[in-house]
Structures are given as C-alpha cells and as structure tokens.
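Everything on this sheet refers to the single structure shown next.
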Amino acid sequence: MVDPQYVLPNDVGLALLDCSEAFRLLLQGERLYAHHLSRACWYGGLIVLLQTSPEAPAIYVLLSRLFRAQDPNKLGELACSAGLTDEEYQAFLVYAAGVFSNMGNYKSFGDTKFVPNLPKDKLQQLIWQSQAFQEQPEEMESLWGRCGELMFSLDPRQRQLGLGKKGITTYFSANCSLEDAQLAQRFLDSQTISAYNTRLFKKKDEAGQTCYEVRLASVLGTDAPVDPELAPKLRCFEFESCKFCVTRGDYAPLLEKVVENLQRTKAYAANTNQESMLEHYIHSFTQGSIAAHKEASRCWIRDKGPIVESYIGFIESYRDPYGSRGEFEGFVAVVNKAMSAKFAQLVASAEQLLLELPWPRAFEKDTFLMPDFTSLDVLTFAGSGIPAGINIPNYDDIRQTEGFKNVSLGNVLSVAYSTQKEKLTFLLHTLAEPEGLLQDLYIKWKGPSFEVQVGLHELLGHGSGKLFVQEKDGTFNFDRNTVINPETGELVRTWYQSGETWDSKFSTIASSYEECRAECVGLYLCLNKDVLRIFELKGEDAEDVIYINWLNMVRAGLLGLEFYTPENGTWRQAHMQARFVILRVLLEAGGGLVTLQHTTGADGKPDALITLDRNKILPVGKPAIKRFLSKLQVLKSTADVTRGKELYGGYSTVTDEGPERFLSLRDTVLLRKEARKMFVQANTRLEGEDVTLVQYEGTAAGLIRSFTERFPEDAELLERHLLELSDADAHFWANQD
C-alpha cells in the first residue's frame with residue numbers, strides 16, 4: 001500500500017470551471033482577443049513541466065500520446081484485459097488528470113509528489129496494449145523507459161520539491177546547495193539581474209574552476225541580437241572566486257509559440273495600453289528581458305477596467321526552494337460586473353482603511369495608488385494551479401511607486417470553497433453553536449467570508465506597507481533622522497540597498513511571511529463593519545461572517561500541518577505555513593480564545609477538535625493580531641532579515657512539545673485530510689472569423705479530454721520540444737558531487 005499522502009484518491013473533487021455566460025456576453029473582437037491570449041498562456045504553461053521535475057515532461061508526453069490515440073472511455077475498454085480492476089483504471093485516470101492539472105507530478109499546493117495508485121506492472125501492461133503503443137511501439141517503450149521508474153519512485157529525496165538533499169528541483173542543477181543559491185543571489189544583486197526568469201546550473205570549466213550558468217528564459221540565444229539593457233550582462237564574470245556566465249535561450253521553442261500568439265492578439269487589442277503591453281511582453285519573452293516585462297506590467301496597470309483581463313510571464317516564486325525564481329503562468333478572464341462593483345467600493349475606502357492598520361504612518365506608502373480591483377470569471381489559467389485571488393505585479397519597485405492590480409477569481413471561489421457537511425473535520429460545537437448548527441453556519445458563510453478575506457488580503461494586505469530603501473545615488477525614500485522603529489524605540493537602522501528586493505532579501509521565508517502578513521490584514525480589517533457593509537453584510541449576518549472567517553483561519557492553521565515535512569523540518573506550502581503561524585499566535589494569546597484538543601473519533605481513530613470563542617475575538621484576538629501584524633510590517637519595512645527569520649521561524653516550528661503536540665496532530669490531519677479539488681477548464685476554438693467555447697464534463701476523463709484537444713495543430717511538435725529540452729539538461733539533474 002502506498003502512503004495515502006502520495007496518491008490522489010479516486011473520489012478527488014473535480015469540477016468544471018464554468019465561464020460560458022461570461023464568454024457569451026463578449027463581443028466578437030473580445031472573443032478573438034481572449035482566444036489568442038489563451039493560446040499564448042497554454043503554450044507557455046507547458047514550461048511548468050520543465051520547471052517541476054526531471055521526469056515531468058516525459059510523463060506528460062506519455063499520457064498525451066496515450067489519450068490522443070484513444071479517448072479515456074476507449075482505453076478503459078482495454079483495462080480489463082490488461083488486468084486492471086475498475087478502481088485501478090479510475091486511479092490511473094485520476095493520476096493522469098492530476099499530472100495535467102498540476103502541470104507535473106508534484107502537487108501545486110503542497111509540493112509533494114503523487115504517484116499512480118495501481119501496480120506498476122499493470123499500468124505497463126495497459127500501455128503495451130494501447131493504440132498508441134500499436135502505432136509507435138518503439139517511441140512508447142522509450143517513453144516508459146524514461147519515466148516509468150521515476151513515475152512510481154518515492155525515494156526520500158523525490159517525495160517533495162526542495163533544494164539539495166531536501167528534495168527535487170529543476171530551478172537548480174542537482175549539485176546546488178542553499179549556499180550556492182545564496183551566492184548566486186549575491187551575484188545577481190551585484191549585476192541588478194532579476195532571478196524571476198532564470199535557472200542556475202553549477203559545473204566545472206576546463207580549468208577545473210567552479211562555474212555557474214545563470215540561464216535566462218528567451219526565444220533568442222546568447223549570440224543573437226541583444227537589446228542594450230541586456231547586452232552588458234550576457235557574458236562571464238568573476239565573483240567571489242567563482243565564475244558566473246549569464247546565458248539565455250531557456251525554453252526557447254515554447255516561448256516562440258507564446259510570442260507567435262501574442263503577435264496575433266495585437267490585432268484585437270481594445271486600446272493603446274493593451275497594444276503596448278503586448279509589445280513589451282513580446283520583447284520580454286524574445287530577449288529574456290525582465291525590464292521589458294516590467295514595462296508590460298506598467299501598461300497593464302494603466303489598462304483600467306478591461307472586459308478581458310490577463311497577465312502572463314514568470315510570476316510567482318512559491319516553488320523555487322530559494323524563493324526568487326518565478327514559475328510561468330498566464331491567465332485570461334472576463335469581468336464579473338456585479339461583484340466588481342463591490343470591490344470598487346472597497347478600493348474607494350482603501351485610504352481610510354489603511355489608516356487603521358497597526359503600524360506608524362511612516363511605515364505606509366507615501367501615496368496610495370488607486371488600483372483596479374475586479375472579480376473575474378476565469379476562461380484560462382495555465383500553470384501549476386489556480387489561486388482564488390491575485391495581487392500583481394510582484395515587482396517591489398512598481399508596487400511601491402506606480403501601483404498594482406487586484407483580482408478575485410469568482411468562478412474559482414464558488415467551486416473551490418463549497419463545502420459538504422460530511423466532509424467537515426476538526427470543528428467542535430459549543431453551547432453557542434449546538435451540534436449540527438455550527439456545521440450549517442460554517443457551510444452557509446464560508447464562501448462569503450472567504451470573499452471578504454480575499455478582498456482584504458489582496459488589496460490591503462499585499463497592497464500595503466512601505467519598504468525603506470537607500471537608492472543608488474545614496475538618497476533614502478524615508479527620513480532616517482526622524483523615523484522611529486516602534487519595536488526598538490530607536491531610529492531605523494536597517495533598510496534595503498539599491499537592487500535588493502523583498503524576495504532576494506528574505507528569500508526562503510519571503511513568500512510565506514508575506515502571505516501571513518496579508519492574511520493578518522484580512523482578519524484585522526474584517527472586524528470593520530464598514531467593510532462588511534460593502535459586501536452587503538449587516539447585523540447578525542456580519543457577526544457570523546466575522547466568526548466564520550476567523551474560525552476558517554484557525555481550522556486552516558490546523559490543516560496546514562499536512563504541508564509540513566518532519567524529515568527535514570521544512571514547509572512545502574507558503575499559505576498553509578502562514579495559517580499555521582496565525583494559529584500559533586492566536587493560541588498564544590490565551591484567554592480562552594482558541595482551544596485545541598486531541599480526541600478519538602467515532603471510528604475509533606485519532607481525531608482533533610478546535611474551538612474558537614466568538615465572544616473573545618474582539619477583546620483577545622484583535623489585540624493579538626494587531627501586535628503580531630505590526631511586528632511583521634516593521635521587520636519587512638526595515639529589511640531586518642535576522643529578526644524576521646527569528647520571529648517567523650519560531651512560530652513555524654512544529655514539535656511534540658506543549659499541550660498541542662503539533663507533530664502528533666500532523667498524523668491525525670493526514671489521516672483525515674481531504675484532497676484538493678481539480679478544475680476542468682474550457683478550450684476556445686477558432687471557427688472562421690469567430691471563436692467558440694468548448695467545455696467538458698467535470699470528471700477525470702473530462703479534464704484529460706480538455707488537454708488532449710488543447711493543441712490540435714501541433715501536439716506532436718510540442719511533445720518533441722518538451723523531450724528535447726528535457727534531454728538537453730538531463731545531466732544536470734543526475735546526482736553530482
């Protein structure tokens with residue numbers, strides 16, 4: 001039996017991400033704009049396979065060829081003769097759906113590996129009997145040889161993504177350690193090179209000197225014409241007794257397809273901001289220029305209230321073990337006007353709400369730059385997973401002085417956060433909420449409360465706070481002679497140097513720390529009745545939403561233990577680590593606010609129950625979050641990495657000490673965990689001068705069909721590109737000294 005945490009259960013939730021009504025309301029030109037942008041996103045999304053694991057591209061190609069030759073139902077007819085039971089074939093369909101949904105064989109949320117939940121020899125037998133094998137026996141056998149062992153392997157290092165001995169990563173060659181990552185970051189900072197679109201490869205040169213290749217993602221190679229901004233950087237450098245060579249051309253054939261489709265999109269741009277945005281995207285992906293991507297982001301910020309919203313590039317750094325390199329993602333979505341109107345009201349109240357945050361005014365941005373904040377129905381989200389809300393761009397210099405945008409993904413929220421009563425775990429009823437009524441209350445208000453939390457988290461969480469910076473010319477963006485650090489009572493003594501960013505400075509904890517700060521802002525400001533009125537919540541309903549929002553957070557903190565790896569003491573998911581930290585803060589507050597107890601369930605197996613006293617939220621919970629949130633912001637503003645890591649690392653520690661015995665609770669959480677839902681996304685199809693929407697059933701088979709029909713013109717070419725790109729770097733993933 002395989003450990004359940006490394007397989008996807010047959011009853012995993014699968015749901016159609018419905019956008020039919022939003023798409024139907026688009027004008028013809030808007031549909032064409034959305035179609036070509038979606039194509040660019042899907043082609044770029046294949047890059048994630050190469051960013052995930054050495055075997056992910058081959059697994060994807062194997063599954064793609066298998067199901068392109070035979071529909072899941074047709075292949076299922078062979079399953080019995082291959083010796084598979086119905087349950088085993090369903091397990092294979094779920095595995096394949098998981099690979100397509102996560103763009104690889106590691107969970108996008110949690111970074112653990114998942115393997116097929118059936119015997120390896122049975123899967124091989126099915127492949128050997130398949131139509132794909134009959135048509136291309138040598139190629140299919142070669143593919144199986146490349147990935148069959150690794151597909152099933154649960155070697156300790158291969159169980160999770162990580163750096164060095166802590167896991168698998170393809171952002172770094174296998175011989176890179178944390179020290180190598182730190183050295184590389186110092187080099188990148190010294191040359192003002194962003195890590196977002198890079199990978200790092202360590203090797204020896206002809207003279208035996210340690211040499212690091214920093215490879216930029218681009219269509220063009222190192223020897224092709226270079227834009228002036230990049231030209232001085234595409235060469236070799238001596239740095240701290242090592243050689244660094246900056247090259248480019250990573251993922252070139254896939255980025256070429258991205259650029260081709262962005263070129264087609266330009267004909268349907270609604271305004272000059274969109275045209276300029278697309279031009280800068282094209283330049284960025286062609287040349288490997290993050291400066292051009294920043295320009296695209298500036299145009300994107302200026303494009304207020306578009307009907308079709310999108311963003312594309314190397315964006316989030318959650319899955320880089322060091323926390324600096326971006327995973328490729330691209331989304332296309334259509335505005336939900338009714339919910340967007342509520343978010344617009346929240347934006348209008350933002351300046352006043354920012355004054356309520358618990359840090360001195362000097363620690364807030366000099367000017368609040370009024371962002372766009374819209375609710376969107378996702379048409380396309382290409383990458384490893386789909387979030388509920390987004391605050392972008394992630395470039396500190398743009399966010400601090402030029403602005404950002406927030407989006408809430410409405411059709412994701414409505415599906416992802418629906419809850420069935422029988423699936424609720426770990427909630428303890430109280431005298432105020434008798435048994436059964438708490439579950440009903442939780443189910444009723446979980447979606448609306450999360451909507452409020454997402455809005456506050458994205459707009460006023462990620463959108464708040466100032467970074468103190470010393471510019472290249474020696475000037476400061478704050479008055480260092482008057483600004484007092486409220487934690488020390490002294491003048492601010494630390495800040496960011498020019499070229500340093502939040503991600504580069506706080507590296508391994510940056511993503512989770514920032515998510516924790518944003519979650520705390522959401523908890524703190526959801527207590528404001530004016531905020532709740534914006535979401536049409538008053539009286540008892542408003543009180544219930546506050547309670548369920550806080551209750552959901554403390555429950556999520558307990559569930560977060562699933563994403564902690566005791567073997568190496570690391571967290572695998574930024575948001576869940578953040579929620580665990582918040583749980584620790586609220587438990588530490590005492591006063592009977594939160595209680596957590598080990599119990600035995602009705603099935604005789606270990607269980608746990610968590611209680612939040614709603615009457616203690618204001619007198620106990622609010623001051624605790626206020627104090628903690630202030631610390632988080634002050635340490636972030638002042639670039640105080642040492643104290644920041646000490647604070648956040650302390651609350652992130654998981655041991656069996658104390659009455660909570662968190663390490664033992666982790667086993668209970670794993671025993672009763674529910675698999676994360678997977679989304680089945682639509683395709684768009686060009687028919688003459690217009691575009692049609694093709695949707696699929698919300699099943700594993702439906703998800704598989706959506707992918708096998710996604711690249712009708714060039715699936716084989718793309719598969720060859722993936723295998724060639726994977727082959728070219730295979731020696732870097734082998735264990736090296």
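All of (1) hydrophobic (A, V, I, L, M, F, W, C); (2) outside the structural domain of Thr198 (by the TED database); (3) touching a residue at least 40 places away in the same chain (Cβ under 8 Å) hold for Ala34 with one exception: (2). Residue pairs whose Cβ atoms lie under 7 Å apart, sitting 6 or more positions apart in sequence or on different chains, and linking a residue in the stretch 687-716 that is closer than 26 Å to Glu260 by Cβ and touching a residue at least 24 places away in the same chain (Cβ under 8 Å) to a partner that is among the aliphatic types (A, V, I, L, M) and assigned to a loop (DSSP other than H, G, I, E, B), are Leu693/Ala682; Gln695/Ala682. Hey, Phe67 hits all of (1) part of a helix (DSSP H, G or I); (2) more than 27 Å from the chain's Cα centre (by Cα); (3) at pLDDT below 95 but one; which does it fall short on? Single failed check for Phe67: (3).
When Gly104 is tested against (1) over 22 Å from Leu150 (Cα atoms); (2) not in a helix (DSSP H, G or I), exactly one condition is not met: (1).
How many residues does the stretch 642-668 hold that are aromatic (Phe, Trp, Tyr) and farther than 16 Å from Thr595 by Cα?
Residues meeting the conditions: 2.
Where helices (runs of 4 or more DSSP H) fall wholly inside the stretch 462-577, the ranges with 1 or more residues that are in contact with a Phe, Trp or Tyr (Cβ under 7 Å, 6 or more places away or on another chain) are 502-525, 539-559. Taking the stretch 230-324 as the region of interest, the strands (runs of 3 or more DSSP E) fully inside it that hold 1 or more residues being touching a residue at least 60 places away in the same chain (Cβ under 8 Å) are 242-250, 308-316. Residues in the stretch 225-255 that are among the small types (Gly, Ala, Ser) and within 33 Å of the chain's Cα centre (by Cα) were compared, and the one that is nearest to Arg186 (Cα to Cα) is Ala231. Scanning the stretch 123-158 for residues that are within 17 Å of Tyr95 (Cβ to Cβ) and of a type in the set (Phe, Trp, Tyr) turns up Trp144, Phe152.
Can you name every residue in the stretch 641-693 that is assigned to a strand (DSSP E or B) and not hydroxyl-bearing (Ser, Thr, Tyr)? Listed by number, the residues that qualify are Met678, Phe679, Val680, Asn683, Arg685, Leu686, Glu687, Asp690, Val691, Leu693. Taken over the stretch 116-126, residues that are in contact with a Phe, Trp or Tyr (Cβ under 8 Å, 6 or more places away or on another chain) and surrounded by fewer than 21 Cβ atoms within 10 Å (Cβ to Cβ) amount to 3. Per this entry, Ala56 is counted among residues that are touching a residue at least 24 places away in the same chain (Cβ under 8 Å) and crowded, with 21+ Cβ neighbours inside 10 Å. The listed residues are Glu356, Glu329, and the only one of them that is modelled with pLDDT of 95 or more and either outside any loop (DSSP other than H, G, I, E, B) or surrounded by 18 or more Cβ atoms within 10 Å (Cβ to Cβ) (or both) turns out to be Glu329. Here Thr222 fulfils each of the conditions (1) in a loop (DSSP other than H, G, I, E, B); (2) farther than 30 Å from Glu206 by Cα apart from (2).
The values are calculated or read from the model by the stated rules, or taken from the named source; none is laboratory data. The structure presented is a predicted model; accordingly, all values stated were derived computationally and were not measured. Positions of Cβ are backbone-derived with ideal geometry, glycine not excepted, and every protein chain shown enters the neighbour counts.
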